[in-house]
Amino acid sequence: MRPILTCLAALWKKELLTLIRDRHGLAALFLMPAIFILVMSLALADAFTGRQNSTLAYAVLDLDGGPAAQALGERLAAVDLLGEAGSLADEAEARRRVEAGDIAFVVVIPPDFSQRIIQSPPSLRLLADPTVPRMVRDGFRQRVEAETTRLQLGAVLERLGKSLMIPELRQLAERSPPVIAVEAVGHSGEHAALPTAAQQNVPAWLIFSMFFVVVPISAVFIGERQHGTLQRLAAQRVSFALILAGKFLPFVLVNQAQAVLMVAIGRWLVPLCGGEALVLPGNAAALIALWLMSCAVSIAAVAWALLVASLARSNEQAIVIGGVSNILMGALGGVMVPRFVMPAAMQPWTRLSPMDWALDGFHQIMLRHGGIGDVLFQGAALLCFALAAIAVAAVVNRRSRP
């Protein structure tokens, strides 16, 4: 037993020294995900909080000039959706400013709008910048339609109230609609925090960076194979299982260092730059569950990296196989595009990616206040993935030995 521990300690020391000297590998593991977390958390902050970009604005082209048209303009100004760019003189100016990208939308109120508000008001037109996302355009269009409908209903009730001498009917249309309080409920009846850009991007890019351990592991593994190090270890009766164990612990520790750094960036650096801070669970049990989930992801990532290193015959092959596979798993697993944004037909396919299992486990704890029992399935799936990768890597290396 003691010779095995001595051999393992020597292998761990060798791996750590090799990794410390690999500046490119360290940059891929630490610098790249840190930049991604910072940039993506700031860039997608409005998308996750429901706020629209403050640079987007709309204007009104009032070709009617009547009281109903003025009332519609006032109603739109009272809605905090987009910035207000005022009124425009004619449609030529409206089209010019939209084409130039100065404003996102122009609401064109047609002539006779006020006179025909009760009978059949002519359709409004919305001039839109084609670069504005469709979700923003549809949301603004629906708001214009809703305010027009309320205005029409108010005019009908006012006329009916005058006929029946019931002035309270007019007040019905003026009342604001009831506010619906959104409450997310997690496990054990606790209130779950609504997701933010940081809660999506920090665990997502942390998982992605953990799987990019394939770069330094492949460089070390292929270098040892090319320089005869693996052959000399085999000649000294060092089993391949012991060689793999010698690579696991150092890189698992590196992954845990990644986790600490990425969480620190989301917790303190992102809010300093104007984004929302990463919210961590407040109880020790949830923090332990997060750490165990991080360990499961790390084991799966290291095992996958060892499999790629075993299949590749050169550093170039390893970078291509590992890089492309990681990007595909990230794209499919909700790292680059959240699962809820994907089309319904595509969402079931995300379950094929181990990065999706990992991200789902983190969200179970961070958003739904789950514990260890709530992420057993995700953790077990990642460990099974790791065992399968190690088994295939062992078979490949056994066949490749002379």
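Bear in mind that the values in this text are calculations on the coordinates, not laboratory data. Given the structure is predicted, the values throughout are model-derived calculations rather than measurements. Cβ coordinates were reconstructed from backbone atoms using ideal geometry, including for glycine residues, and neighbour counts include every protein chain displayed.
Couplings 3J(HN,Hα) of the stretch 99-105, computed from phi: 4, 6, x, 5, 9, 7, 9 Hz, in residue order, whole Hz [Karplus 6.51 cos²θ - 1.76 cosθ + 1.60, θ = phi - 60°; x for Gly and Pro].
Please sort 208-215, 145-152, 294-301 by packing, taking for each peptide the average over its residues of neighbouring beta carbons within 10 angstrom, highest first.
Per-residue mean Cβ counts within 10 Å order the peptides as 208-215, 294-301, 145-152.
Under a 5 Å amide H cut-off, with hydrogens placed 1.01 Å from N, Arg125 pairs with Val108 among residues at least 5 apart or on other chains. The simple spin-label model puts a point 7 Å past each Cα toward its Cβ; for Arg143 and Leu280 those points are separated by 3.7 nm.
Phi-derived couplings, Karplus 6.51 cos²θ - 1.76 cosθ + 1.60 at θ = phi - 60°, listed residue by residue for the stretch 274-288: x, x, 8, 6, 5, 9, 9, x, x, 10, 5, 4, 5, 5, 5 Hz, with x used for Gly and Pro. Couplings 3J(HN,Hα) for the stretch 82-91, derived from phi with the Karplus relation 6.51 cos²θ - 1.76 cosθ + 1.60 (θ = phi - 60°), are 10, x, 9, 9, x, 10, 10, 7, 8, 6 Hz, where x marks Gly and Pro.
Were the residues from Ile288 through Lys13 laid out at 0.36 nm apart, the gain over their Cα-Cα distance would be 96.2 nm.
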